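Some notes on the structure that comes next.
The values are calculated or read from the model by the stated rules, or taken from the named source; none is laboratory data. Predicted model, so just to flag it, every value in this text is computed and none were measured. Here the Cβ positions follow ideal geometry from the backbone for every residue, glycine too, while neighbour counts run over all protein chains shown.
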Amino acid sequence: MGFWKNLFNGTGGTAIATADSALGVSTQVIGEAANPRAKAGIESRITFRKDRNIDLYELEELCDAVGWSRRPLRKVKKAIEHSFLVVTMWEVRGNYRRMVGFSRATSDHAFNATIWDVVIHPDFQSRGLGKALMQNIVRELRREDISNITLFADPQVVKFYQGLGFKPDPEGIKGMFWYPNSRY
């Protein structure tokens, strides 16, 4: 299992604990990045947060923007509540903020985690922010001493994840799926 042990070496970083008094919410900002869309004279930044208390309608708008199929909000809420980690990405301008990225991970809390639902608003794609979001979620998982990190990727984003160090079928490992209409 050498692949798993060496996959995410060197993904250190420090979390910045903060309270967002303007929004009246106590969250943890785990990183910031320059906003690639910032216009001259308008201070804008991107923040990454670990906060499960998100507006599901705002998340649904983000997913709609990338063309994902709608899912029942009660199930989305349950998935978020039962996730090991949720990392969101926000565009912040003064008191205005909007969700422009989302990711979550499930885990056994010891060895393994699987990253799900990575989404970046189309206006923010191809600017390095998807990479930054992934680096944040991997760093947070590694901080929890999770070393086996997996994900499922649509064919059009496989190269993106490979560029981040993910490998298809490492050491001959094959993902397998069971569906309700499967025979057993």
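Key figures for this structure:
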quantity	calculated
Residues within the range 69-98 that are among the aliphatic types (A, V, I, L, M), more than 28 Å from S147 (Cα to Cα) and in a strand (DSSP E or B), tallied	1
Failed item in (1) over 8 Å from the mean Cα position of the chain (by Cα); (2) of a type in the set (F, W, Y); (3) under 16 Å from F48 (Cα atoms), with F102 passing the rest	(1)
Filter result (without any contact (Cβ under 8 Å) to a residue 60 or more places away in the chain, part of a helix (DSSP H, G or I) and over 17 Å from L59 (Cα atoms)) within the range 121-139	K131, M134, I137
Residue list for the range 102-112, restricted to those being part of a strand (DSSP E or B) and under 7 Å from I146 (Cα atoms)	N112
Filtered residue count, the range 140-174, keeping only those that are closer than 22 Å to G130 by Cβ, free of Cβ contacts under 8 Å to residues at least 40 places away in the same chain and of a type in the set (G, A, S)	2
Count of residues meeting criterion [under 17 Å from the mean Cα position of the chain (by Cα) and surrounded by 12 or more Cβ atoms within 10 Å (Cβ to Cβ)] in the range 65-99	17
Residue within the range 28-48 that is modelled with pLDDT of 55 or more, closer than 25 Å to F152 by Cβ and surrounded by 12 or more Cβ atoms within 10 Å (Cβ to Cβ) present	yes
Count of residues meeting criterion [surrounded by 10 or more Cβ atoms within 10 Å (Cβ to Cβ) and closer than 18 Å to I120 by Cβ] in the range 131-158	15
